[in-house]
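Here is the structure we will look at.
The values are calculated or read from the model by the stated rules, or taken from the named source; none is laboratory data. Remember, predicted model here, so these are calculated numbers, not experimental data. All Cβ positions, even for glycine, are placed from backbone atoms using ideal geometry, and neighbour counts span all protein chains on display. In case anyone asks, the SASA skips ligands and DNA or RNA and just uses the protein heavy atoms, side chains included. Shrake-Rupley method; radii C 1.70, N 1.55, O 1.52, S 1.80 Å.
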Amino acid sequence: MSAQKNRLATGGRIDRSRPVRFTFDGKAYYGYQGDSLASALLANGVTLVGRSFKYHRPRGIVSAGAEEPNALIEVGTGNRREPNTRAPQIELYDGLTTASQNRWPSLDFDLGAVNSCLSRFFPSGFYYKTFKWPKDGWLFYEKFIRRMAGLGTGSTEADPDRYDKVYGHCDVMVVGGGPAGIAAALAAGRAGARVVLVDEQSELGGSLLSERDRSIDGKPAMDWVAAAEAELAAMPEVKVLTRTTAFAYLDANMLSCVERITDHIGPNASGPRQRLWRIRAREVILATGSIERPLVYSDNDRPGCMLASAGRTYVNRYGTAPGQRVVILTNNDTAYQTALDFAAAGVSVAAVVDLRANPQGALVQATRDKGIEVIANSAITHVKGAKQVKEVDVMSLSADGKSVTGGVRHIYCDTVLSSGGWQPTVHLHSQTRAKVVWNEELHAFVPGPVMPGQNNVSVGAAKGVFGLADCLAEGHEAGAEAARRFGFTNAAGSAAGAEAEPAAEPLRPMWIVPSDKPVGQGGKHFVDYQNDVTAADVMLAHREGYLSVEHLKRYTTMGMATDQGKTSNVNALAIMAGLRGMNIPEVGTTTFRPPYTPVTFGVFAGPDKGDFLDPIRKTPIHQWHADHGAAFECVGQWHRAWYYPKAGESMHDAVNREVKATRDSVGIVDASTLGKIDIQGPDAAWFLNMVYTNAWTKLEPGKCRYGFMCGEDGMVFDDGVTSRIAENHFHMTTTTGGAARVLSWLEEWHQCEWPDRKVYFTSVTEQWAVFALNGPNSRKVLEKVVSGIDLSEEAFPFMSWRDCEVAGVKARIFRISFTGALSFEVNVPPSYALHVWRALMSAGEEFNITPYGTEALHVLRAEKGFVIVGQETDGTMTPQDLGFEWIIGKAKPDFIGRRSHLRSDTARPDRKHLVGLLTENPQEVLPEGAQIVEHVKDKPPMTMIGHVTSSYWSPNANRSIAMAVIKNGRNRMGQTVYLPYDGKVVAARIAKTDFLQDGAAANA
Amino acid sequence: MKQNYSIFTLVRNALNYHQDWQEAWRSPAPKPEYDVIVIGGGGHGLATAYYLAKEHGITNVAVLEKGWLGGGNTGRNTTIVRSNYLWDESAHLYEHSLKLFEGLTQDLNYNVMFSQRGLMNLAHTQHDMQALRRRVYAIQLNGIDSEILTPEQIKEMVPILDCSATARYPIMGASLQRRGGVARHDAVAWGFARKADERGVDILQNTEVTGFRIENGVVKGVETTRGPIGAKKVGIVVAGHSGVLAGMAGFRLPVESHPLQALVSEPIKPILNTVVMSPQVHVYVSQSDKGELVLGAGIDAYTSYAQVGSPFIIENQLNALTDLFPCFGRLRMLRQWGGIVDTCPDASPIIGKTPVENLFINCGWGTGGFKATPGSGNVFAHTIARGEPHPLAVPFALDRFTSGYLIDEHGAAGVAH
Amino acid sequence: MLLISCPYCGPRDEHEFSYGHEAHIARPTLEQQQTMSDAEWADYLFMRKNPKGVHFERWVHSRGCRQWFNVARHTVTHEIIKVYPMGEPAPNLEQK
């Protein structure tokens, strides 16, 4: 095992008995179970871990949590490669493979770093000012810019992992498993409320995980956490989800959370990788803690520059020193705790540089007592060392803190820790669209009033309350109060106690730490590390008038990186406020948009991919079609038999055979997908009168009628045949795709407009399998298997229906036709469908009965000019446009859409009309969608007068046939028009839509 | 004149640590009266002001913006630019805009990064293919570039697309507009603002209109949070709030405001070089120059002014995305947001006169406004300046809802944007 | 995600429902249709209040009981102020 040179001899929550092997950039290292990738890399002395986005500056680990801007890592390889993963949040497991990114050829030697040398020419927004020549040059420049940009590399292979989705409901949801959150969950849980506690880390404890010697209720803090965890686990109504990030606060108290189930185990784990939780809570307690702000000092991005709190986490939680010799820069007291903890762990602290004139707080004193030098009223003016901090320069601050004076002190070190104060994690609060307000004491934004309907309360550090005892008390009270409000009355117990922290002195806000050179002319003062935005860039944005926070963000890209500005937003805002001479809240706040941390696309999709993307609907005899070689097409959610190719047949051959056989003898089609609605009630006929354009009251029971439905805008909405079963009972059919839409339409009009009408609608699409026999021999086939009725023309005329038995199964037969040929539509219960279909097939054997698919169905109906709603229509066609003037009930007082037909444009006689189209060359089959012109020009533009809606080869007409909608088409019969497409021009004559003048008539 | 932006001025300024750059636009105090007030400092409003000044010589113009310029849908869209519309009226209007986009960087002396990398519309069913052919043939005859791709050609252009026949909705073909692409949305607003300002237009940010001064049916000015401002003519270009402003002026619109959500992934190295849209499975995606995948889909069904939508819209969109691009499953959503779009019953905009004299309106762009920015501003400026609609704007007048002459792009777009 | 209290089924997630747009738009009677102008008909067909504030709107529990009902909802906060049956007039919320 290689030595972990920065690993401390003792301490931390790592399991030193379980070494874990991992690789970074191809090199093998060891860490311990419980390490993060960041802590393990630090333990091994690896401080250079990445390159910045724009300048490709060498970068190290900055934080110990979700706010990490620099240490973005590619995890895994091949189809599991995952770019841009934050090193502090990657849990170490055996075999973990990781790599740095955004560098070429290597992390140590990155050619992209030339950008850094030229950085003077690449200020914010430089690309808006350049790359403008020549006029179409941008695509050329863009190639290079795109290659330089981006961070990690995405996999081009399909993600092999599974994801899960689940809904949760609770009384009290607690976000954050630190002291305040645990206290809240305990109180609410004890009272009897249903509680969900989520925390993004691998174990509960929050800030306590990084503490050295705090105690709660007189015992070590983590013992208290363990006891609380055990108590919560024993409560049946409480659920604790660790490794779970609440990333979005949605309307009506719903939180989206992502649970990382196997990411810490690796690709060999079983089960889903991650799970999406949608949790609806009656009350949400936000105990999300706070994030430390770095100071904006010169060269503050050198590898080895880190947040003071992060340094402390590495020492206390992971038993790892971030380096061998540390300088701390601070404007507040909290960084002194880091100094003390480092001293306790035996890590050398060279000095604490304090921006404050004369810090005298208790922790400062304690630090001095440990023999650590405190350099007050001073600043770090330079950090030296390109790939690793080597030395810092320290100078005294001038009286106003805007510049530095005096001599330079060089201090040797390999790590610089900074603390610029703390910003409560107000993201979720803000996502509810509630405001945040600036707190002058904390110099931070704290949650403002909550939004109505979004019942939440922020507690602890998330609210700007930092004392441990206060956090415990606040959390407890919030949990108990929520439970009480919802009527849970068991004893919530009392709040846990902790000793008070030493009194702290106020921080000194200093949003840019001065250097010996003007900002922007010496070293770089980074504000947003990942996107390489410096204080000078903020000044440039100000100079150029990009003053509002949003302009600043967009112009400089500040806060737009994968960390979404967790460590940079407030600093940038404050610098802008200084430049504008305004208070920070006057400048505005940024909008916190979800997600809190980036969330895997796959987990949003969950299992709803592939065949589960959209339900697949199949008819009851789907398997028969498949067994007989059918090709299928998607029609809405349905899979329908398209055609049945025999060996050696092309689609064209098969369709011709099916069409011909049907016209000549008999064909059979599975029409079960047709929408079917059962309509009953005394007002059923009245209702049909309103929704169809034609009249229904006089239709006799036993008869069928074809009708159009229009929207209130007068445009055709659906069509179909409806039959009167009894006086107050109808059977409606709709288009396959329109079935659900029509049912909703009927229900909407009934419930909203005519609720007093007694009429009831039931979808029966799935209750009837429908087989249509078509062709001159269809009666002969049916006769062999039907019983109970006389099929003769006289006894069972066209446009009527009869109940009977087919092959021993109760059936209902409709004499309606979508081919113009003699036709019987046999409806049977779906469970008998296959039996009946087979019976019809055997009965038809002697007549060469031919199953046909949707393509032949289309050809057969087009041969007789029957329209398909959705093909001949597109929401802009009236029944009149389609040539169905006769179907408008002139005598009928009212129907949906009637008044719209009278509007000036809708009533025009020269609208687009549906007509037939015969190509001059009968062999030429037009493409559907081909556009029609009256006069051909050499080149576009040409004035179009319509388009082809349907077009086929008709084996029965022995030529191509087409339907089209053409401006004033019915008054242009016989006129020749032209169709320019695919580089040619086809001439065609406008004709009637019945292409089989001699064909079999419907009622033959 | 504004400082010129070029590689030379950039280098020159670099030598002086960029101390000498001028402000891109002024922050003037409002004058008591303007010849024209444009309400709305989004892309369309700023473009309107720019073209009023540039093409019609009307420079005594104010743009009133209640927040920060470009802060509405201009800064919230998925930056797609195309002109592949079915109906002649739409095709001509959007093509006018696309042509202006093609010279916009030079015209504005501001790189709007118009990347004509091609835009692909996928078809997944026979029905899709019919509609796609109809559209492509119409676009071609309107003199606009469009072509049909086979699945093999699609696979070659976008190898990471799942073109397998076993997909739930297999890809059967696509239309391609090579001149389509994406542009840098903020830059469009800023570029127009800078040049409008140069020509004397006052851009008044943080100035909210609270009412209209209308005398005898003629608009005379507006009430604002910074006091009353007089105007000879007023144009309303306030996507997301058109109904609110129309209400203040006393007329109604056939408009509903809806949330439209979009999202980006974390930035990655180039992986997708074309804009891919699938109306059937409801998603559209492109990769920004920064490396983020930029995704959009349909609107939320309910009316809202909240810039917030429902999560299942996002989930459906990512279902579709990871189904089309199985390798995107491990990428992560970085940021998600919403805008407010004003939708018309026929999914086409309204440009023209209002019942109030000298008050004009430009609204109802639905999800498709960004691509129209220069064209919309251009024809609206003409309409305001002349008091008569620009020929391209004539079909988009408000009275089409009375006559029934709608320009119904619903069927054509499937999912509009 | 909105939480909508279906009057028949209780509170359910928004995705169980379909939106029905503005409520209380009365369909012109036959007599009105015969005398009204195209512009008045267009007003019924297309013109909408689209308020920034409380909106009276229709919803249907389309993936549940399939019943229509009215909702008063704030279009900025998304707060649902009242759910009331189809046919009932819009509540006067000012007096509350």
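Entry remark, segment A:581-615: residues being facing chain B (nearest Cβ under 7 Å) and closer than 21 Å to A:Gly176 by Cα number 6 in total.
Residue check: A:Gly636 meets all listed conditions (1) open to solvent by 40 Å² or more (accessible area, probe 1.4 Å); (2) more than 22 Å from A:Ser800 (Cβ to Cβ); (3) touching a helix residue (DSSP H, G or I) at 6+ places or on another chain (Cβ under 8 Å) but one, namely (3). Could we say that B:Met333 is facing chain A (nearest Cβ under 7 Å) and of a type in the set (A, V, I, L, M, F, W, C) here? When the stated conditions are applied, B:Met333 passes them.
This table checks each residue for (1) in contact with a Leu (Cβ under 6 Å, 6 or more places away or on another chain); (2) farther than 20 Å from B:Ile58 by Cβ.
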{"position": "B:Lys155", "(1), (2)": "no, yes"}
{"position": "B:Thr166", "(1), (2)": "no, yes"}
{"position": "B:Ile171", "(1), (2)": "yes, yes"}
{"position": "B:Arg179", "(1), (2)": "no, yes"}
{"position": "B:Gly191", "(1), (2)": "yes, no"}
{"position": "B:Arg194", "(1), (2)": "no, no"}
{"position": "B:Glu198", "(1), (2)": "no, no"}
{"position": "B:Asp202", "(1), (2)": "no, no"}
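Annotation: of all residues in segment A:507-529 being surrounded by fewer than 16 Cβ atoms within 10 Å (Cβ to Cβ) and of a type outside the set (Lys, Arg), the one that is farthest from A:Gly361 (Cα to Cα) is A:Gln521.
Counting only helices (runs of 4 or more DSSP H) that fall entirely inside segment A:572-666 and contain at least 2 residues that are within 30 Å of A:Val436 (Cα to Cα) and hydrophobic (A, V, I, L, M, F, W, C), the qualifying elements are A:584-587, A:601-605. Residue under question is B:Pro32, and the condition is that it be more than 8 Å from chain A (Cβ to nearest Cβ), closer than 22 Å to A:His542 by Cα and in contact with a strand residue (DSSP E or B) (Cβ under 8 Å, 6 or more places away or on another chain); does it hold? Considered against the rule, which asks whether it is more than 8 Å from chain A (Cβ to nearest Cβ), closer than 22 Å to A:His542 by Cα and in contact with a strand residue (DSSP E or B) (Cβ under 8 Å, 6 or more places away or on another chain), B:Pro32 comes out as no. Considering only residues in segment A:542-555 that are at the interface with chain B (Cβ under 8 Å from one of its Cβ atoms) and basic (Lys, Arg), the one that is farthest from B:Gly71 (Cα to Cα) turns out to be A:Arg543.
The set of residues in segment A:862-891 that are outside any loop (DSSP other than H, G, I, E, B) and crowded, with 20+ Cβ neighbours inside 10 Å comprises A:Ala862, A:Glu863.
Each residue in segment A:117-138 was checked for being open to solvent by 30 Å² or more (accessible area, probe 1.4 Å) and either more than 7 Å from every other protein chain (Cβ to nearest Cβ) or within 29 Å of the chain's Cα centre (by Cα) (or both), and 6 pass.
For segment A:892-903, the candidate set comprises residues that are open to solvent by 10 Å² or more (accessible area, probe 1.4 Å) and in a loop (DSSP other than H, G, I, E, B); within that set, the residue that is farthest from the other protein chains (Cβ to nearest Cβ) is A:Lys892.
State all residues of segment A:828-846 that are of a type outside the set (Val, Ile, Thr) and either open to solvent by less than 70 Å² (accessible area, probe 1.4 Å) or in contact with a Phe, Trp or Tyr (Cβ under 7 Å, 6 or more places away or on another chain) (or both); if no residue qualifies, say none. Listed by number, the residues that qualify are A:Pro829, A:Pro830, A:Ala833, A:Leu834, A:Trp837, A:Ala839, A:Leu840, A:Met841, A:Ser842, A:Ala843, A:Gly844. For segment B:352-359, does any single residue satisfy the condition of being in a loop (DSSP other than H, G, I, E, B), β-branched (Val, Ile, Thr), within 14 Å of chain C (Cβ to nearest Cβ) and farther than 18 Å from B:Glu89 by Cβ? Within segment B:352-359, one or more residues are in a loop (DSSP other than H, G, I, E, B), β-branched (Val, Ile, Thr), within 14 Å of chain C (Cβ to nearest Cβ) and farther than 18 Å from B:Glu89 by Cβ. Within segment A:90-147, being among the charged types (D, E, K, R) and not in a loop (DSSP other than H, G, I, E, B) holds for A:Glu91, A:Asp110, A:Arg120, A:Lys129, A:Glu142, A:Lys143, A:Arg146, A:Arg147. When A:Met539, A:Met558, A:Met576 are checked against the criterion of being touching a residue at least 24 places away in the same chain (Cβ under 8 Å) and either facing chain B (nearest Cβ under 10 Å) or open to solvent by 30 Å² or more (accessible area, probe 1.4 Å) (or both), A:Met539 stands alone in meeting it. Could you tell me which numbered condition B:Val188 fails, if it satisfies all but one of (1) more than 9 Å from chain A (Cβ to nearest Cβ); (2) more than 26 Å from B:Ala24 (Cα to Cα)? The number of the failed condition is (2).
For segment B:365-417, the helices (runs of 4 or more DSSP H) that sit wholly inside it and include 3 or more residues that are at pLDDT 95 or above are B:373-386, B:400-403. Number of residues in segment B:1-29 that are aromatic (Phe, Trp, Tyr) and more than 11 Å from chain A (Cβ to nearest Cβ) equals 0. Does any residue of segment A:667-686 turn out to be open to solvent by less than 20 Å² (accessible area, probe 1.4 Å), part of a helix (DSSP H, G or I) and of a type outside the set (Ser, Thr, Tyr)? Yes; the residues of segment A:667-686 include at least one that is open to solvent by less than 20 Å² (accessible area, probe 1.4 Å), part of a helix (DSSP H, G or I) and of a type outside the set (Ser, Thr, Tyr). Checked against the criterion of being touching a Leu at 6+ places or on another chain (Cβ under 7 Å) and part of a strand (DSSP E or B), segment A:226-238 contains one or more residues that satisfy it. The numbered conditions (1) assigned to a loop (DSSP other than H, G, I, E, B); (2) farther than 29 Å from A:Val166 by Cβ are all true for A:Ala252 except (2). Test A:Glu157 against the criterion of being assigned to a loop (DSSP other than H, G, I, E, B), farther than 26 Å from A:Arg280 by Cβ and away from chain B (no Cβ under 14 Å), and give yes or no. In short, no. Looking at segment A:904-1004, the strands (runs of 3 or more DSSP E) lying wholly inside it that each contain 2 or more residues that are small (Gly, Ala, Ser) and touching a residue at least 24 places away in the same chain (Cβ under 8 Å) sit at A:944-954, A:959-967, A:984-991. For beta carbons closer than 9 Å, sequence separation of 6+ or different chains, a first residue in segment B:5-22 that is open to solvent by less than 80 Å² (accessible area, probe 1.4 Å) and a second that is part of a helix (DSSP H, G or I) and among the β-branched types (Val, Ile, Thr), the qualifying pairs are B:Trp21/B:Thr9. Among the residues of segment B:263-282, write down those that are open to solvent by less than 10 Å² (accessible area, probe 1.4 Å) and away from chain A (no Cβ under 11 Å). Of everything in segment B:263-282, those that are open to solvent by less than 10 Å² (accessible area, probe 1.4 Å) and away from chain A (no Cβ under 11 Å) turn out to be B:Thr274, B:Val275, B:Val276, B:Met277, B:Ser278. Counting only helices (runs of 4 or more DSSP H) that sit completely within segment B:125-217, those holding 1 or more residues that are farther than 30 Å from B:His241 by Cβ and without any contact (Cβ under 8 Å) to a residue 40 or more places away in the chain correspond to B:126-141, B:151-157. Residues considered: B:Asn111, B:Asn84. Of these, the only one that is open to solvent by less than 10 Å² (accessible area, probe 1.4 Å) and over 24 Å from B:Cys363 (Cα atoms) is B:Asn111. I'd like to know if segment B:373-393 contains one or more residues that are buried (at least 24 other Cβ atoms within 10 Å of the Cβ), touching a residue at least 60 places away in the same chain (Cβ under 8 Å) and within 12 Å of another protein chain (Cβ to nearest Cβ). No, that holds for no residue.
Here is the figure for segment A:324-366: residues that are open to solvent by 40 Å² or more (accessible area, probe 1.4 Å) and part of a loop (DSSP other than H, G, I, E, B) total 5.
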